[in-house]
């Protein structure tokens, strides 16, 4: 049994999961935020190609040019979301928080 019900955050087709992505730029403290159905639902939420859409909305698409970073971020987020309805990542330049949201009505 999963630790939480991911369907609560899924669209009506139960294909995508809604979330808020909040990025804080460490050097300036600038906060950027976007909301969308960036996650795939495959039993539990998974970060896949939605990373590109979210990164673009946040002005961070250039960071995804590094394939290893792309894959490691997706894996880390997916691993955390298997345990709880949020994920938190840190790196030298950014912190990223992903919170699952109920879809808009």
#### Entry: Cα→Cβ-extended label distance, 7 Å offset, between residue 66 and residue 28, nm
2.0
### Task
Name the residue, out of 94, 41, 81, whose mean-square fluctuation peaks in a Gaussian network model built on the chain with Cα pairs under 10 Å.
94
### Task
Please determine, in degrees from 0 to 90 and to the nearest 10, the orientation of helix 67-81 with respect to the longest principal axis defined by the Cα atoms of the chain, where the helix direction is its Cα long axis.
40
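Quick one: length gained pulling residue 52 to residue 86 fully straight, 0.36 nm per residue minus the C-alpha distance?
Difference between extended and current length: 10.4 nm.
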### Message
Roughly how far apart, in whole Å, are the Cα centres of region 22-62 and region 73-105?
### Response
9
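The numbers here are math on the coordinates, done by the rules we state, and not lab data. Because the structure is a prediction, the values reported are computed rather than measured. Quick reminder, even Gly has a Cβ in these numbers, built from the backbone with ideal geometry, and neighbours come from all protein chains shown.
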